[in-house]
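See below for the structure under consideration.
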Amino acid sequence: MNKGHRERMRERINKHGIEGLSDHELLEYLLYFVQPRVNTNDTAHALINTFSTINRVFDSDQTELAKVGGIGPQSAQFLALIPEICRRYYVSRHDKRERFISLGRVVEYLDALYLGVMEETAMILLLDAEKTLISSKVIAKGNMEEVSVHNREIVSAVLGHNAVYVVFSHNHPSNDPYPSAEDALLTNHLYVTLKSIGAALMDHVIICPNGNFYSFSKENRL
């Protein structure tokens with residue numbers, strides 16, 4: 001291990017941050033924290049060669065990461081946790097009493113919730129009468145293509161939190177935000193179900209990793 005190289009890397013980051021680092025240099029530096037006595041430069045290059053980009057490294061699961069030479073279980077877990085840490089950071093920055101009165105605000109919050117989520121996942125935002133967030137909840141998880149959602153789980157959450165408004169959301173890892181026929185049918189069923197218990201479906205928003213989204217409310221489909 002080149003101790004001088006690590007010290008120069010740390011000094012470089014102390015002075016200039018990470019903006020000047022290439023992707024493999026950033027990965028090399030991050031691995032210092034879990035591989036204190038190993039030359040992580042070759043491992044960082046192997047990660048980029050395997051996954052092409054740093055976001056694909058972070059989006060990969062631990063099993064795939066562990067297949068790369070130099071990456072053991074501890075390093076794989078560390079890298080896989082980075083999107084979850086970022087997600088927790090972004091969500092915690094939001095004012096818990098902020099009102100969700102605009103689509104832009106809803107999408108911004110959902111983007112944070114779905115950061116690094118690569119399997120199709122359904123979530124709900126539960127809001128009070130003033131559209132202030134009460135709770136956010138994962139309803140169901142699927143695979144890269146589909147997720148199964150049951151209205152009774154949503155109704156239970158709404159009644160349990162005395163929510164007045166609900167934003168239903170799910171992600172499309174494919175980056176195609178347009179809803180399927182099943183998405184539209186689910187939206188209609190959920191709208192009727194929530195109305196029957198005195199709550200309102202404020203929107204169904206589909207979120208994509210590339211920033212695209214689809215809003216049923218914006219498209220006048222509620």
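Structural remarks
- Integer Hz, Karplus 6.51/-1.76/1.60 couplings in order for region 123-133, x for Gly and Pro: 9, 10, 9, 9, 10, 8, 5, 9, 6, 8, 5
- Of the chymotrypsin sites (Phe, Trp or Tyr not before Pro) found in region 117-217, no site is in coil according to DSSP while having at most 15 other Cβ atoms within 10 Å of its Cβ.
- Accessible surface for the chain, divided over its residues, is 56 Å² per residue with a 1.4 Å probe.
- Rg to Rh quotient for the chain, alpha carbon positions, Kirkwood Rh: 1.07
- Our estimate of slack between R56 and N39, defined as 0.36 nm per intervening residue step minus the Cα-Cα distance, is 3.9 nm.
- Expressed as a whole percent, the accessible surface of the chain that belongs to carbon and sulfur atoms is 49, based on a 1.4 Å probe.
- Evaluated at q = 0.14, 0.15 Å⁻¹, a Debye calculation over the C-alpha positions of region 12-141 (equal weights, vacuum) places log10 I(q)/I(0) at -0.74, -0.81.
- Degrees separating the helix 151-161 axis from the principal Cα axis of the chain, which is the longest one: 90
- Lysine pair number, Cα distance threshold 21 Å (strictly under), the chain, separation 8 or more or different chains: 7
- Span per principal axis, largest first, for the Cα atoms of region 67-173 (Å): 54, 30, 23
- Here region 158-222 is treated as a sphere whose radius is the Kirkwood value from Cα pairs; by Stokes-Einstein at 25 °C and 0.890 mPa s it diffuses with a coefficient of 199 µm²/s.
- Just so you know, the averaged projected area of the alpha carbon convex hull for region 110-222 sits at 6.3 nm².
- Taking 0.36 nm per residue of sequence separation and removing the Cα-Cα distance, the V138/D176 pair yields an extension gain of 11.6 nm.
- Taken one residue at a time, the phi angles of region 59-71 give Karplus couplings (6.51, -1.76, 1.60, θ = phi - 60°) of 7, 7, 7, 4, 4, 5, 4, 5, 6, 7, x, x, 9 Hz. Gly and Pro are set to x.
- Helix-only CD estimate at 222 nm, as mean residue ellipticity for the chain, using -39500 (n - 2.57) per DSSP H run (n ≥ 4): -14000 deg cm²/dmol
The values are calculated or read from the model by the stated rules, or taken from the named source; none is laboratory data. Quick caveat: nothing in here was measured; it's all calculated off a predicted structure. Every residue, glycine among them, receives a Cβ derived from its backbone with ideal geometry; neighbour counts consider all protein chains shown. Heads up: the accessible areas ignore ligands, DNA and RNA and are worked out on the full protein's heavy atoms, side chains in. Shrake-Rupley method; radii C 1.70, N 1.55, O 1.52, S 1.80 Å.
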